[in-house]
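Enquirer: Pasting in a structure now, in structure tokens, and then I'll have a few things to ask.
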Amino acid sequence: MYLLFLISNKNIKLIVIIQARSGSTRFKNKVLIEVHGKPLIWYVVRQIKKSKKVKKIVVAIPKSDRDKNLYSYLKKNKINIYRGDENNVAKRILYAAKKFKANNFMRISADSPLIKTSIINKCINVKKNFFNYDLITNVFPRSFPSGQSVEIINTNVLQKNIKFMKKSELEHVTSYFYNNSTKFTIKNFTNVNKDKKFKSSIDTINDFKKLKHFIKK
């Protein structure tokens, strides 16, 4: 059930965790806004499923009343769910990885309905070559456009360092590692296409209006 690599006698059990919530301050319930009768979260899951390298996807959501509809949708559609802390996102993601017994996980935001399979596959291939690194990323520095961000994090490294994170770092999960990059092994891969300007993340209603056509296609 896992993406399992055997590299230099190292077993890497990797799952993809989609970070999602209904209570976004800029665009509430955006994960359930529909395009062609399907909610935005459906498109994110669909894009990730296109990768043959991904065997398990988990959506990590807050355990709160305002996420009941999101939970119901995921459950009805038999999508793996983890419900956890609403404000401590790092804790929620960590416990999701631990529940599904993943020693590494790829983090993708639910605001990325146009995430490219090629970028997901590239991140996984880099992990294969740098299996003992703490973090594989394409945002340090960022060369891909917003909405095309991927990160693979070692679960044990996150667990060991979560107690040192500030409030803002708990919310953004990986910012602690970038803020203290000299303490960790981080491998960044860059965008050879140089299409950094095309923003494909859904942060606001205006973003949704601009990208709705591309999501339909």
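Residues are listed down the side, and each one gets a yes or a no for (1) of a type in the set (Lys, Arg); (2) touching a Leu at 6+ places or on another chain (Cβ under 9 Å); (3) in contact (Cβ under 8 Å) with a residue 40 or more places away in the chain:
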| residue | (1), (2), (3) |
| --- | --- |
| Ala110 | no, yes, yes |
| Ile115 | no, no, yes |
| Arg142 | yes, no, yes |
| Asn156 | no, no, yes |
| Leu170 | no, no, yes |
| Phe189 | no, no, yes |
| Lys197 | yes, no, yes |
| Ile202 | no, yes, yes |
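Enquirer: Counting residues that are under 15 Å from the mean Cα position of the chain (by Cα) and either surrounded by fewer than 21 Cβ atoms within 10 Å (Cβ to Cβ) or modelled with pLDDT of 95 or more (or both), which strands (runs of 3 or more DSSP E) fully inside the range 91-198 reach at least 3? Even if it seems obvious, please write down each step before you answer.
Expert: On the way: elements: 104-109, 135-137, 151-154, 186-188.
By residue number, 104-109, 135-137, 151-154.
Enquirer: Name every residue in the range 54-90 that is over 22 Å from Thr25 (Cβ atoms) and not in a helix (DSSP H, G or I), in order of residue number.
Expert: Listed by number, the residues that qualify are Val54, Lys55, Lys56, Ile57, Val58, Asn77, Lys78, Ile79, Asn80, Ile81, Tyr82.
Enquirer: Across the range 29-40, what is the number of residues that are at pLDDT below 95 and within 19 Å of the chain's Cα centre (by Cα)?
Expert: Matching residues across the range 29-40 total 1.
Enquirer: Mind checking which residues of the range 48-80 are under 26 Å from Ile205 (Cβ atoms) and in contact with a strand residue (DSSP E or B) (Cβ under 9 Å, 6 or more places away or on another chain)?
Expert: Ile48, Val59, Ala60, Ile61, Pro62, Ser64, Asp67, Leu70, Tyr71, Tyr73, Leu74, Ile79, listed by residue number.
Enquirer: Might you check whether a residue that is hydrophobic (A, V, I, L, M, F, W, C) and in a loop (DSSP other than H, G, I, E, B) occurs anywhere in the range 41-49? Show your work before the answer.
Expert: Within the range 41-49, the first condition is being hydrophobic (A, V, I, L, M, F, W, C), and the residues that meet it are 41-42, 44-45, 48.
Filter once more, keeping what is in a loop (DSSP other than H, G, I, E, B): none.
No, the range 41-49 has no match at all.
The values are calculated or read from the model by the stated rules, or taken from the named source; none is laboratory data. A quick note: this is a predicted structure, and the numbers were derived from the prediction, not measured. Backbone-built Cβ (ideal geometry, glycine too); neighbour counts: all protein chains shown.
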